[in-house]
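Some notes on the structure that comes next.
The values are calculated or read from the model by the stated rules, or taken from the named source; none is laboratory data. What you are looking at is a predicted structure, and each value in this text was computed from that prediction instead of being measured. Cβ atoms come from the backbone with ideal geometry, glycine included; neighbour counts cover every protein chain shown.
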Amino acid sequence: MKIKETKNFKIKEVAVSASYPNLAILPNDALTIKNINHTLEKLQIIREDLAKPMFILSFYRDEKLNKAVNGATNSQHKYGTAVDFTISGANLDLVANYIYEKNYPFMDKIIYYPEQNFIHLTILKKGSNKYWKQ
């Protein structure tokens, strides 16, 4: 199984870390790749709805990268189901609210970090659409 790019998201955006770019690697297990493909497919829907380029700061993290960024032990990034992103020049508070109000059936968590200027999304097959502002 391989990672499938979408119209706006490329493979290089899966293995990315704004904080530790040298530690970002692609996964090789089929379940994580399946999760990543699902996440990319749903992220593409959000991207098209927003009609703005999304700059991915963090997507897949292996255990080493997750520890380096002080990620949660059970971080969804480790499973390929979470993405942190920003949008240049956008009011991310409004973006996070827009995503929440769309009530996507796959959206599990939306967390807006105003001080760090990014949004975290957890995308699952069936989400609960929870929204937090940190």
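A quick yes/no check of all residues on (1) of a type in the set (Ser, Thr, Tyr); (2) closer than 28 Å to Asp29 by Cβ:
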| site | (1), (2) |
| --- | --- |
| Ala72 | no, yes |
| Lys78 | no, yes |
| Thr81 | yes, yes |
| Phe85 | no, yes |
| Ser88 | yes, no |
| Leu92 | no, no |
| Leu124 | no, yes |
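Screening Asn103 against (1) out of contact with any helix residue (DSSP H, G or I) (no Cβ under 9 Å at 6 or more places or on another chain); (2) farther than 17 Å from Lys130 by Cα; (3) of a type in the set (S, T, N, Q) leaves a single unmet condition, (2). Pairs linking a residue in the stretch 109-134 that is in contact (Cβ under 8 Å) with a residue 60 or more places away in the chain and part of a loop (DSSP other than H, G, I, E, B) to a residue that is of a type in the set (A, V, I, L, M, F, W, C) and surrounded by 14 or more Cβ atoms within 10 Å (Cβ to Cβ), with Cβ atoms under 7 Å and 6 or more positions apart or on different chains, are Lys125/Phe106. Search the stretch 109-131 for residues being closer than 21 Å to Ser17 by Cα and of a type in the set (D, E, K, R), and hand back the single one that is farthest from the chain's Cα centre (by Cα). The residue in question is Glu115. Within the stretch 78-96, identify whether any single residue is crowded, with 16+ Cβ neighbours inside 10 Å, among the polar types (S, T, N, Q) and in a strand (DSSP E or B), and answer yes or no. Yes, the stretch 78-96 has at least one match.
Please verify whether Ile36 is among the aliphatic types (A, V, I, L, M), within 23 Å of Ala90 (Cβ to Cβ) and under 11 Å from the mean Cα position of the chain (by Cα), treating the condition exactly as stated. Break it down stepwise before answering.
Values: among the aliphatic types (A, V, I, L, M): yes; within 23 Å of Ala90 (Cβ to Cβ): no; under 11 Å from the mean Cα position of the chain (by Cα): yes.
Answer is no for this residue.
Here's the yes/no breakdown for (1) in contact with a helix residue (DSSP H, G or I) (Cβ under 7 Å, 6 or more places away or on another chain); (2) of a type outside the set (D, E, K, R); (3) modelled with pLDDT of 95 or more; (4) on the phi > 0 side of the Ramachandran plot:
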site	(1), (2), (3), (4)
Lys67	no, no, yes, no
Ala72	no, yes, no, no
Gln76	no, yes, yes, no
Leu92	no, yes, yes, no
Ile99	yes, yes, yes, no
Ile123	yes, yes, yes, no
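Restricting Leu40, Leu57 to those that are crowded, with 19+ Cβ neighbours inside 10 Å and more than 18 Å from Met107 (Cβ to Cβ) reduces the list to Leu57.
For first residues located in the stretch 18-30 and more than 16 Å from Leu57 (Cβ to Cβ), partners that are loosely packed, with under 15 Cβ neighbours inside 10 Å and lie 6+ apart or on another chain with Cβ distances below 7 Å form the pairs Ala30/Met1.
Select, from Leu26, Leu65, the only residue that is crowded, with 20+ Cβ neighbours inside 10 Å and out of contact with any Lys or Arg (no Cβ under 8 Å at 6 or more places or on another chain). Leu65 is the lone residue from the list that is crowded, with 20+ Cβ neighbours inside 10 Å and out of contact with any Lys or Arg (no Cβ under 8 Å at 6 or more places or on another chain).
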